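These notes are about the structure you will find just below.
The values are calculated or read from the model by the stated rules, or taken from the named source; none is laboratory data. If you're wondering where the values come from, they're calculated on a predicted model, not measured in any experiment. Because the Cβ atoms are built from the backbone with ideal geometry, glycine has one as well, and the counts that use them run over all protein chains shown. These area figures cover heavy atoms from the full protein model, side chains too; ligands, DNA and RNA do not enter into them. Shrake-Rupley method; radii C 1.70, N 1.55, O 1.52, S 1.80 Å.
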Amino acid sequence: MTPMSKNIFTAYNGLKSDLEKITEDYVFEAKQIIKHITGYTNREILERYSDTLTPVQENKLTAILNQRRIHYPLQYILGKWDFMGLPFKVGPGVLIPRPDTETLVEKTLELIKDKKEPKVLDLCCGSGCIAISIAKERPDAKVYAVEKYSVALKYAKENAILNDTKNVTFIEGDVLEGVANSEKYDLILSNPPYLDTEEMKKLPVEVTYEPETALIGGEDGMLFYREIIKNYKGSLNEGGIMAFEIGATSRQKELPDMMEKAGLINVQTATDIENRERVVFGTVKNI
């Protein structure tokens, strides 16, 4: 960013030029940063593009650009990120909500649309974006969310307050130890850590700032899938649904077979906005 940038228009153009060397999403990021430092909406920015930046705003702009130059995540810099049209606080120690995961929420909401007062369990809840989004869409639901790490759990609880969501109960505990599996649920879902050790070595720099514990799913990336199926399948009501987000590895394509072997039926997949398989779900057979 050059010191000559004095108004929103020139600041935005200079920012785009600098960010183009850092990210493919430089236009989007430039807009988000300008909105952040000015507090303006998109419309207000268009209307007030000739407004002169204050010294404080210029300093913020410089500081943000310096952080992006070392690939520090924009989401952490801004401190808040949207998911399913809702705002979520994020920062070091919690996984950043991603658009891919909206597929899991949208699909499971569709699957439980006819269930009255569904009881839902979100495992490895992180920021709480999945649990809170479901609870917000279904205020009649009783949603429980399990998270092992206190930093992430703090964000999740703050996000429930931020979104005025009162029907989520957070539980601090280790999913791998069967926390909260003594109850019965209509839906158990998870976006678990699912990268393997080789994938962890090839992560983009931005992702390395996120907690490794929220990313790595054991040596083969399948640890949490195996343990959740084994420990929680019996916690589903008759006709209850188990659903997971998956990545793109060949091992995760084995998940439907793993679920069927465990006794789940009607196992299917759902694709994300880029037509990639992103969700696997199955049902406990009615007796």
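Ile188 passes all but one of (1) within 30 Å of Asn266 (Cβ to Cβ); (2) modelled with pLDDT under 95; (3) not acidic (Asp, Glu); which number fails?
(2)
If you take the residues in region 157-174 that are touching a strand residue (DSSP E or B) at 6+ places or on another chain (Cβ under 7 Å) and under 23 Å from Ile112 (Cα atoms), which one is most open to solvent (accessible area, probe 1.4 Å)?
Out of the qualifying residues, it is Thr169.
Output the residue which, of all residues in region 6-22 that are open to solvent by 20 Å² or more (accessible area, probe 1.4 Å) and part of a helix (DSSP H, G or I), is nearest to Ile37 (Cα to Cα).
Tyr12
What number of residues within region 37-61 are among the acidic types (Asp, Glu) and either buried (at least 17 other Cβ atoms within 10 Å of the Cβ) or touching a residue at least 60 places away in the same chain (Cβ under 8 Å) (or both)?
Total satisfying the criteria: 2.
If Lys261 satisfies all but one of (1) charged (D, E, K, R); (2) within 22 Å of the chain's Cα centre (by Cα); (3) at pLDDT 95 or above, what's the number of the condition it fails?
(2)
Output the number of the condition that Ile64 fails; it satisfies all remaining conditions of (1) surrounded by 13 or more Cβ atoms within 10 Å (Cβ to Cβ); (2) farther than 21 Å from Tyr76 by Cβ.
For Ile64, the exception is condition (2).
Looking at region 25-35, is at least one residue in contact (Cβ under 8 Å) with a residue 40 or more places away in the chain, closer than 19 Å to Pro204 by Cα, surrounded by 13 or more Cβ atoms within 10 Å (Cβ to Cβ) and in contact with a helix residue (DSSP H, G or I) (Cβ under 6 Å, 6 or more places away or on another chain)? If you could, list the steps in order and put the result at the bottom.
Narrowing region 25-35 to residues in contact (Cβ under 8 Å) with a residue 40 or more places away in the chain: 29, 32-33.
Filter again for closer than 19 Å to Pro204 by Cα, leaving 29.
Now restrict to residues that are surrounded by 13 or more Cβ atoms within 10 Å (Cβ to Cβ): 29.
Imposing the further condition that a residue be in contact with a helix residue (DSSP H, G or I) (Cβ under 6 Å, 6 or more places away or on another chain) reduces the set to 29.
Looking through region 25-35, at least one residue is in contact (Cβ under 8 Å) with a residue 40 or more places away in the chain, closer than 19 Å to Pro204 by Cα, surrounded by 13 or more Cβ atoms within 10 Å (Cβ to Cβ) and in contact with a helix residue (DSSP H, G or I) (Cβ under 6 Å, 6 or more places away or on another chain).
Please work out which residue is nearest to Arg276 (Cα to Cα), limiting yourself to region 90-113 and to residues that are of a type in the set (A, V, I, L, M, F, W, C) and more than 9 Å from the chain's Cα centre (by Cα).
Looking at the filtered set, the residue picked out is Leu104.
Results for (1) closer than 23 Å to Thr213 by Cβ; (2) of a type outside the set (Gly, Ala, Ser); (3) surrounded by fewer than 21 Cβ atoms within 10 Å (Cβ to Cβ), shown as yes or no for each residue.
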site	(1), (2), (3)
Val90	yes, yes, no
Arg98	yes, yes, yes
Glu102	yes, yes, yes
Glu110	no, yes, yes
Glu117	no, yes, yes
Asp122	yes, yes, no
Gly126	yes, no, no
Lys136	no, yes, yes
